[in-house]
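What follows is a set of notes on a single structure, which appears directly below.
What follows draws every value from the coordinates through simple rules; no lab data is involved. As the structure is a prediction and not an experimental result, all values here were calculated from the model. With ideal geometry, Cβ positions are generated from the backbone for all residues, glycine too; neighbour counts draw on all protein chains shown.
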Amino acid sequence: MSKITRIVVALTGLALLALGLAVPSAAAPYTPGDETAAVSTTNPEPGGSLTVSASGFGANDLVTIDLHSRVYRLGTARTNANGDLSATVTLPEGVTGSHEIVMTDTVTGQVVSTAITISDSTAGSTDSGSASGGSSGSSGGTAATGVAVASIGGVGVLLFLGGALLLVMGRRRRVSA
């Protein structure tokens, strides 16, 4: 066996070994519709504080808290081991009208929202408002993200083997000619 053939065989073996050791990553389980949200008041004042709480997110995940109509980032919070969170956020000054508090799990993509009405009156309600998950346009599932690493690796190995075969065949032609 020639030196080049041994090198090609060794590199092919290493490539196949690396491909065999590749393990797909496990995604966190997601059950649509399990998440819920609540706010301390559905009628806060502009610039006022509001306590938001949610459940059903992934354990220890980072959740963004936004005010929607025009998006204002109110803050972020980390869920506990049960996927629950509670955080106090401050609303922007000068913003009034009907809005949504939208909480998004940055790991699983789960979204939950609840409606609020920001008014200038000081007689804001202290009734709690709540909503279930998926009320901000969620279609009930997660997007298919990621990349098929094994198939890309397989294509790479095949291309490598094809190139090595062409190299060996080209050298044999030159020697026999």
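Taking only Cα atoms of the stretch 35-98, what ratio of Rg to Rh do you get with Rh as the Kirkwood inverse-distance radius?
Using Cα coordinates only, the ratio equals 0.99.
Please work out how much length the chain gains when fully extended from Asn80 to Val9, using 0.36 nm per residue of separation minus the C-alpha to C-alpha distance, in nm with one decimal.
Stretched fully, the Asn80-Val9 segment lengthens by 20.5 nm.
Tally Lys/Arg at +1 and Asp/Glu at -1 over every other residue whose Cβ is under 13 Å from the Cβ of Thr5; what's the total?
Within the 13 Å Cβ shell, the charges total +4.
Could you put Thr79, Thr88 in order, starting from the residue whose Cβ has the fewest other Cβ atoms within 10 Å?
Values: Thr79 22, Thr88 12.
By the 10 Å Cβ count, ascending, the order reads Thr88, Thr79.
Over the stretch 36-132, what is the mean sequence separation of C-alpha contacts under 8 Å (at least six apart), divided by residue count, expressed as relative contact order in percent?
Taking the mean separation of contacting Cα pairs over the length of the stretch 36-132, I get 39 percent.
Taking amide H positions as placed 1.01 Å from N in the peptide plane, with prolines and chain starts having none, which residues 5 or more places from Thr41, or on another chain, fall under 5 Å of its amide H?
Result for Thr41 returns Thr51, Gly129.
Taking 0.36 nm per residue of separation and subtracting the Cα-Cα distance, what length does fully extending Val95 through Val157 add?
Between Val95 and Val157, full extension yields 16.6 nm more.
Distance in nm between label sites at Asp120 and Asn60, each 7 Å beyond Cα in the beta-carbon direction?
4.8
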